[in-house]
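Here the structure comes first, spelled out in structure tokens, and everything after it is commentary.
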Amino acid sequence: MRTQPRPICFSLSLGLVVLALVLGAQVFPPSPVFAADSQAAKPLVSAIASVGWTVEDLDRSVEFYSRVLSFHKIRELEVSGDRWEHLEGVFGLRIRIAWLQLGAEQIELKEYLASRGRPAPSVSFSNDRWFQHIAIITSDMDRAYNWLCQNKVRQVSSGPQLLPDYLKAAAGIRAFYFEDPDGHPLEVLQFPAEKGELKWHQATSQLFLGVDHTAIVVGNTEVSLKFYRDLLGLGVSGESENYGPEQEHLNNVFGARLRITSLRASSGPGIELLEYLAPTNGRPMPEDEHANDIIHHETCLVTEDVALASRRLRQARAPFISSAIIPFPNAEAGFHSTLLVRDPDGHPMELVEK
């Protein structure tokens with residue numbers, strides 16, 4: 001069970017603590033207005049750089065993703081101080097961050113040495129609104145499943161599922177859900193010859209090839225499209241409505257019927273919106289979710305003008321996690337300025353200007 005949240009103090013600017021304003025920014029607005037700027041000449045988001053999440057033990061997570069899933073660590077950083085506190089919305093933090101790569105895609109793992117957040121709920125379901133996974137492409141599903149079983153991963157799916165022919169957009173895809181050591185959901189996926197990017201079909205001896213997309217559960221696809229497509233400028237690359245016993249066993253949700261919408265920027269993995277048309281009893285993102293909680297994910301979106309992105313997000317009344325645009329003059333994390341904001345369902349999105 002989740003513990004009672006601890007009070008956290010935030011700052012409005014470097015050195016100035018204004019608790020009320022930031023607590024207000026953490027509350028999701030009842031009626032967000034996500035609308036595109038009529039003068040927008042090009043998308044705000046030019047690329048999806050990485051997907052990241054909070055872990056309990058960084059060394060354990062790096063070992064798991066490296067040994068079991070073939071990621072390799074690019075670099076590691078330990079950070080603290082005002083800028084990071086303002087960015088993540090957590091006072092008194094100290095974080096170890098590791099960047100890992102598989103193929104052309106990257107993930108970012110963060111361990112909060114201080115202040116430590118809350119563990120994941122003891123029971124989570126694939127239709128809960130805090131659900132987010134990455135889809136890792138495999139060249140051989142049977143071999144991948146056997147390897148994951150040998151490494152005693154916690155299964156979510158009853159086994160690899162072959163999506164049937166009556167799901168035309170998804171027919172022939174094989175997929176399997178499981179969990180990492182912290183309970184973060186993951187998917188391994190294999191495309192049939194006529195689906196997926198060309199790079200997933202190159203002849204190779206590698207078992208795990210890269211990250212195709214991150215998937216998030218949303219409450220209303222149309223509302224999410226106003227945010228991701230109309231405001232941020234991501235393009236819709238595919239749509240499907242999935243149902244039936246294979247989908248139920250994949251998600252481990254009885255009666256699952258999903259509206260799935262795939263979005264992409266000009267480069268990087270995609271973002272997949274999962275709206276559960278049934279069952280509709282998935283729990284919402286906790287309003288007191290913070291960056292040091294284990295359920296926390298951040299999807300890193302690259303923008304050419306973070307100030308413009310900030311103005312449009314504020315005009316759209318998007319809930320900000322960061323107190324403002326946070327500058328990083330020495331680009332220690334790979335960018336020069338950044339902010340954290342929430343989508344209509346509370347999923348954190350980090351916009352960075354490199």
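What follows is calculated from the coordinates using simple rules that are stated; it is not laboratory data. Just so we're clear, the structure is a prediction, and the values are computed from it rather than from any experiment. Here the Cβ positions follow ideal geometry from the backbone for every residue, glycine too, while neighbour counts run over all protein chains shown.
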With just the Cα atoms defining each centre, how far is region 280-352 from region 154-207? Give it in Å. 29
³J(HN,Hα), Karplus 6.51/-1.76/1.60, whole Hz, each residue of region 219-228, x for Gly, Pro: x, 8, 4, 5, 5, 5, 5, 5, 7, 7
Sequence order, region 346-351: Karplus ³J(HN,Hα) from phi using 6.51 cos²θ - 1.76 cosθ + 1.60, θ = phi - 60°, Hz rounded, Gly and Pro as x, gives x, 5, x, 10, 9, 9
Largest first and in whole Å, give the semi-axes of region 312-354's equivalent ellipsoid, each being the square root of 5 times a Cα gyration tensor eigenvalue. 21, 10, 8
Relative contact order for region 97-166: what percent, with Cα pairs under 8 Å and sequence separation of 6 or more? 15
Using modelled backbone amide H atoms (1.01 Å from N, in-plane), which distant-in-sequence or interchain residues come within less than 5 Å of F91's amide H? C9
Quick one: compute the contact order of the chain, relative version, from alpha carbon pairs under 8 angstrom and 6+ residues apart, as a percent. 24
Here is the link list: K152/K199; K42/K195; K73/K110; K110/K354. Which ones come out longer than 22 Å on Cα distance? K152/K199; K42/K195
Dipole of region 60-104, positive direction: furthest Cα of H86, F64, A98, with charges on the beta-carbon: F64
Need one number: the % of Cα-Cα pairs in region 231-354 sitting beyond the 21 Å mark. 51
Among beta bridges that DSSP assigns inside region 50-109, antiparallel share in %, nearest 5: 75
Cut-off under 5 Å, modelled amide H: who pairs with L301 long-range: A49, E350, L351, V352
Can you return the aspartates and glutamates within cross-link range of K226? Criterion is Cα-Cα under 18 Å, with same-chain partners fewer than 8 residues away left out. D37, E239, E272, E275, D343, D345, E350
Whole-number value, in Å³ per residue, for the convex hull of the alpha carbons of region 132-278 is 113
Net dipole in debye of region 132-278 [+1 Lys, Arg Cβ; -1 Asp, Glu Cβ; about Cα centre; nearest 20]: 120
Would you kindly state how much longer the chain becomes between L77 and S158 on full extension, computed as 0.36 nm times their sequence separation minus their alpha carbon distance, in nm to one decimal? 25.4 nm
Average the reciprocal distances over every distinct pair of alpha-carbons in region 194-266, invert the result, and give the Kirkwood radius in Å. 14.6
Taking the chain as a Gaussian network, Cα atoms linked when under 10 Å apart, which of L167, L340, L186 shows the biggest mean-square fluctuation? L167
Taking amide hydrogens as modeled 1.01 Å from N in the peptide plane, which residues meet the under 5 Å criterion relative to V218, leaving out close sequence neighbours? L274, E275, Y276
Could you tell me the extents of the chain's C-alpha atoms along the three principal axes, largest first, rounded to whole Å? 57, 45, 39
Select from A291, A49, A193 the residue whose mean-square fluctuation is largest in a Gaussian network model of the chain (Cα-Cα springs shorter than 10 Å). A193
Antiparallel DSSP beta bridges within region 132-278, as percent of all bridges there, nearest 5: 80
What are the ³J(HN,Hα) values, in whole Hz, obtained from phi via the Karplus relation 6.51 cos²θ - 1.76 cosθ + 1.60 with θ = phi - 60°, for each residue of region 76-82 in sequence order, with x given for Gly and Pro? 9, 9, 10, 10, 7, x, 4
Need one number: % antiparallel among DSSP beta bridges in the chain, to the nearest 5. 80
Positive-end residue of S266, T221, F178, charge dipole of region 132-278 with Cβ unit charges: S266
With just the Cα atoms defining each centre, how far is region 58-85 from region 231-257? Give it in Å. 30
Find which of N292, A144, V341 sits farthest along the positive direction of the dipole of the chain, computed with +1 on the beta-carbon of Lys and Arg, -1 on that of Asp and Glu, about the Cα centre. V341
